[in-house]
Amino acid sequence: MKAPLKVAIDVTPILGNRTGVGNVVNSLVAGLATRPELDVTGVVVSYSGRSNLAEKLPEGVKPLHVKFPARIAHIMWLKMDRPAISGFDVVHGPNYVVPPCPKASEIVTIHDLTAWRYPRLLNHDNQQFGDLVARAIGRGAHIHAVSNFVGNEVHEYLDIEEDRIHVIPNGYDPSLIGDKSAGKKIVGNDYVLAVGTIEPRKDYPSLVRAMKEVWEIYPEIKLVVAGSDGWGVESFNSAVAECNATDKIIRLGYITEKAKVDLLAGAELLAYPSLYEGFGLPILEAMANETPVVATQVGAIPEVAGDAAVLVPAKSSNALAAAMLDVLEKPDVREHLKEAGLHRVKNYSWENSIDQMLNLYQKIA
C-alpha cells in the first residue's frame, strides 16, 4: 500500500475566537484528517499560548507548535524562508500564509483580493498578505481560490498562470441547523440579522441607514449585529449615533457557533451589505436555516447566492431598505427565497470540497 502523503496545514485561524475563515479551516482540516491517503499535521507558528494545541485540533490531526513570534515570522518570510518546517510532502496555508518547507509542494488559499485591491479596508498585519503570497508564489506555490470569482481575479489581477490556480469552493455543514425559538429568545423581538466582524468591508453603516427606512414601517423590529468589533468600528458607531435609534440596535459581539445558527434560524432575514466578498459563507448558513437573504451584488456573492437571494447595489442604503421591506411585506417573496435557498445550499458540500482538495494534494505532491 502506498504511504500516506504527509500534509502540514497552518491551523492558526481555528484558535481563539473563530471568524468565518476559522470555521472554514476547521471543517477543511477535520475532513482531510478522515482520509487514509493523508497524514495531517496542524501547524501553528507562535511564541507562546499554544500548549493545549492538540486539544483544539480536530480528531486525527497531529499538532506541531513552532515556538517563534508569529508577527516576526511574517516579517522574516517577506525576505527569507526562515523559520521553516520540514518533513512534509505538501504544506497548505489556508489563510494567505504558508510556512516555508524545503522540498515540499506548497499551496496557499486566497479568500479574496482585499489585500491587493482594497488595502485601506484592512489592518496593518493583514495588509502584508499580498507580499506573503507573492513570496510563496516565488517558491512555486499553487493557489487555491474559494470561488470562480476569486480564481479569475487571481489570474487577471495577479497575472498567475491558470494551471497554478485551483478553484475549490467552501462547503456547508448540513448539521448546523439552528433552533428558531432559541434565536427569538436571545433577542426578544422580531429582528434583522447581520453576521460578521464590524469592519469597513462589511459596510454596516449603510445597513444602519437602511434600517431607518425599515423602522418607519416596522418600528418594533430590531437590528442585531453578531460579530466582534474590528478595526474601523468608529464609522459604525457614528452611524448608530446619527440614526437616533440605539434602542433598536443590539450588538452581541462575538457569539458561539450554536448561538449564530439559532439567530440565523430565528431572523426575519439576513442582511449582508458587504462591499467586496470572495465567498460569503453566512449566505449559505442562512439559506440552510430557511432564512431569506438580502445581499449586495458584489464579488462572489452572485456566484454563491444564485437566484436564492435578493441582490442590490453596494453602498445604496435606499436599495437595501427597499429589498428588506420587500421581504418583510410579501409572503410570496419570503417563501420563494426559502425554497430557492434550500435548493441552492445543496450545491455546496464539504464532502465534495474535501475530495477535490485531496486530489489537488496528490496532483502537486
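The values are calculated or read from the model by the stated rules, or taken from the named source; none is laboratory data. As the structure is a computational prediction, the values presented were derived from the model and not from experiment. Here the Cβ positions follow ideal geometry from the backbone for every residue, glycine too, while neighbour counts run over all protein chains shown. These area figures cover heavy atoms from the full protein model, side chains too; ligands, DNA and RNA do not enter into them. Shrake-Rupley method; radii C 1.70, N 1.55, O 1.52, S 1.80 Å.
Things worth noting here:
- Taking the inverse of the mean reciprocal distance over all distinct Cα pairs, the Kirkwood hydrodynamic radius of the chain comes to 21.3 Å.
- Solvent exposure of the chain amounts to 44 Å² per residue of accessible area, where only protein heavy atoms count and the probe is 1.4 Å.
- Using a cutoff of 8 angstrom between alpha carbon atoms and counting only pairs six or more residues apart, the relative contact order for the chain works out to 14 percent.
- Of Lys260/Lys330; Lys212/Lys315; Lys79/Lys363; Lys6/Lys346; Lys62/Lys346, those spanning more than 20 Å from alpha-carbon to alpha-carbon: Lys260/Lys330; Lys79/Lys363; Lys6/Lys346; Lys62/Lys346
- Prolate/oblate/rounded call for the stretch 89-171, Cα gyration tensor, a/c under 1.5 rounded: oblate
- Excluding same-chain neighbours fewer than eight residues apart, the aspartates and glutamates reachable from Lys184 by a Cα-Cα span under 18 Å are Glu220, Asp247, Glu257, Asp262, Glu268, Glu285, Glu290.
- Folded to 0 to 90 degrees: helix 148-157 orientation relative to the chain principal axis, Cα: 60
- Split the accessible area of the chain by element, probe 1.4 Å, and carbon with sulfur accounts for 49%.
- Loop-resident sites, the stretch 44-132, for GluC sites (Glu not before Pro), counting at most 16 other Cβ within 10 Å (DSSP): Glu59
- Each residue of the stretch 108-121 was assigned a 3J(HN,Hα) from its phi angle through the Karplus expression (A = 6.51, B = -1.76, C = 1.60, θ = phi - 60°), giving 10, 8, 10, 7, 6, 9, 4, 4, 8, 8, 9, x, 5, 7 Hz with x at Gly and Pro.
- Amide H to amide H, with H built 1.01 Å from N, Tyr47 comes under 5 Å of Phe68, Ala70, counting only residues 5 or more places away or on other chains.
- Three-way shape call for the stretch 166-223 based on the alpha-carbon gyration tensor, with the a/c threshold at 1.5: oblate
- Distance between the stretch 244-292 and the stretch 24-103 - C-alpha centres, whole angstrom: 30
- Considering helices alone, the calculated mean residue ellipticity of the chain at 222 nm is -12000 deg cm²/dmol, with DSSP H runs of length four and up weighted by -39500 (n - 2.57) and normalised per residue.
- Using alpha-carbon coordinates, inclination of helix 129-138 to the longest axis of the chain, degrees: 30
- Each other residue within a Cβ distance under 11 Å of Gly299 adds +1 if Lys or Arg and -1 if Asp or Glu, for a net charge of -2.
- When only Cα pairs below 8 angstrom with a gap of at least 6 residues are kept, the stretch 143-262 shows a relative contact order of 27 percent.
- Estimated vicinal HN-Hα couplings, Hz - the stretch 21-27 in sequence order (Karplus 6.51, -1.76, 1.60; Gly, Pro = x): 4, x, 5, 4, 5, 4, 5
- Here's how it looks for Val167: its modeled amide H is under 5 Å from those of Ala145, which are all 5 or more places away or on a different chain.
- For the stretch 2-125, relative contact order (Cα pairs under 8 Å, six or more residues apart, normalised by length) works out to 23 percent.
- In order along the stretch 336-342, phi translates into HN-Hα couplings of 4, 5, 5, 5, 5, x, 4 Hz, rounded to whole numbers, per the Karplus curve 6.51 cos²θ - 1.76 cosθ + 1.60 with θ = phi - 60° and x for Gly and Pro.
- Near Val90: Cβ cut-off under 14 Å, other residues only, Lys/Arg at +1 and Asp/Glu at -1. The net charge is 0.
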